[in-house]
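The structure appears below as structure tokens.
Since every read-out is calculated from the coordinates, none of them should be taken as a lab result. For clarity, every value in this text was computed on a predicted model and none was experimentally measured. For neighbour counting, all protein chains shown are included, and Cβ atoms are generated from backbone atoms with ideal geometry for every residue, glycine included.
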Amino acid sequence: MDISQHYKTLNLNSNATDEEITACYKKLAFKYHPDRNPGRVEWATEAMTRLNLAYTAIMSHRFTDASRSPEPDIDEPVETREEQRPAMNKKIVDPEILAKKFIKLRESAKDALYRYFQYSLYSIPIREKPSNTAIFNKTAYSLRKSYHAIRQMLLYTDDPELVEHFTVFTDMLFTFYRASECLNVIDSYSEQYEVEAFRLYREGDEYLHQSHKEIFYDRHNRGYFKSSMAYSLILQAEKIFQAVIKIFPDSSWSVETQIKLEYTESLKRYVELFFTDDSGK
């Protein structure tokens, strides 16, 4: 669906701020919640699914929108070589230069992820406190800045190893951001189908939370990485999210579950690629 249609679903235009989008989504979600429409539960559930899809699509589009990305910073006085690629001319930058820049950007993103857990921003009520809103916005901006800078670097290399590392890391950042916007608290226990879907979703979400908290926060405070435990938790979360989608395909939680599953799969690839030698990168 075109992004403009998602804005239309929320009765907004593309110039709306992130805060306006979130506020509008909450207002509409309150209006169309199944509990407020007891005579039209199926209709209300479908409406909530459309709202969730629209909100997720808009916020994801804003995160990846290249027109908002920072300018690439790779023109250093070092050896580069010009090469012809099919249908375009591209400047290939020395792999060592790109690797050094990647490490710097990766560390910046990891600092932002550390703050996310340090201030318990995974809790939406805590995140929405005035003192924490600015911290979350700064965290999201840092992740987005690293994401775009690394994606830009893909244009300057054909090195398979660099391409793999750049792609896996940025996929993890993007899916993390999407997952961070997902709900993790149920509004009502009146619909048994929704309650059962939520409980299974919440179980998977707890496994996921423990795994990425270990990866991005706990290990740094402890001084060593419980890599086997973190990986095992990821596999558990993946299995449960897959079960939610299979058992409760019509639940309003299906949108959040799919997003969390995609992040879990990206996190798994990240751990497999970056921690195979237990170096704790």
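Spin-label model, Asn184 to Thr276: label points 7 Å out along the Cα-to-beta-carbon direction sit 3.1 nm apart.
Going through the cross-link list Lys8/Lys145; Lys8/Lys129; Lys100/Lys145; Lys101/Lys138; Lys239/Lys268, which pairs have a Cα-Cα distance over 23 Å in this structure? Lys8/Lys145; Lys8/Lys129, as the Cα separations exceed 23 Å there.
Phi angles of segment 164-172 translate, via the Karplus equation with coefficients 6.51, -1.76, 1.60 and θ = phi - 60°, into HN-Hα couplings of 5, 5, 4, 5, 4, 5, 5, 4, 5 Hz per residue; Gly and Pro are given as x.
Counting every other Cβ atom within 10 Å of each residue's Cβ, Ile259, Ile215 order from fewest to most as Ile259, Ile215. Applying both filters, DSSP loop and at most 15 other Cβ atoms within 10 Å, to the chymotrypsin sites (Phe, Trp or Tyr not before Pro) of segment 176-281 gives Tyr189, Tyr224. With contributions of -39500 (n - 2.57) from each DSSP H run of at least four residues, the per-residue ellipticity at 222 nm computed over the chain stands at -22500 deg cm²/dmol.
Applied to segment 131-137, the Karplus parametrisation 6.51 cos²θ - 1.76 cosθ + 1.60 on θ = phi - 60° returns per-residue 3J(HN,Hα) values of 5, 9, 4, 5, 5, 5, 4 Hz, with x for Gly and Pro. For the chain, the longest principal axis of the C-alpha atoms and the axis of helix 254-274 are separated by about 30°. For helix 18-32, report the angle its Cα long axis makes with the longest principal axis of the Cα atoms of the chain; keep it between 0 and 90° and round to the nearest 10°. Tilt of helix 18-32: around 30 degrees.
Of the residues Met229, Gly204, Ser14, the one whose Cα sits farthest toward the positive end of the charge dipole of the chain, with +1 on the Cβ of Lys and Arg and -1 on the Cβ of Asp and Glu, is Ser14. For the chain, the longest principal axis of the Cα atoms and the long axis of helix 41-64 meet at an angle of about 20 degrees. Look at the alpha carbon pairs under 8 Å that are at least 6 residues apart: their mean separation over the length of the chain gives a relative contact order of 17 percent. The 3J(HN,Hα) values that the Karplus relation (6.51, -1.76, 1.60; θ = phi - 60°) gives for segment 154-159 are, in residue order, 4, 6, 10, 8, 10, 5 Hz. Gly and Pro appear as x.
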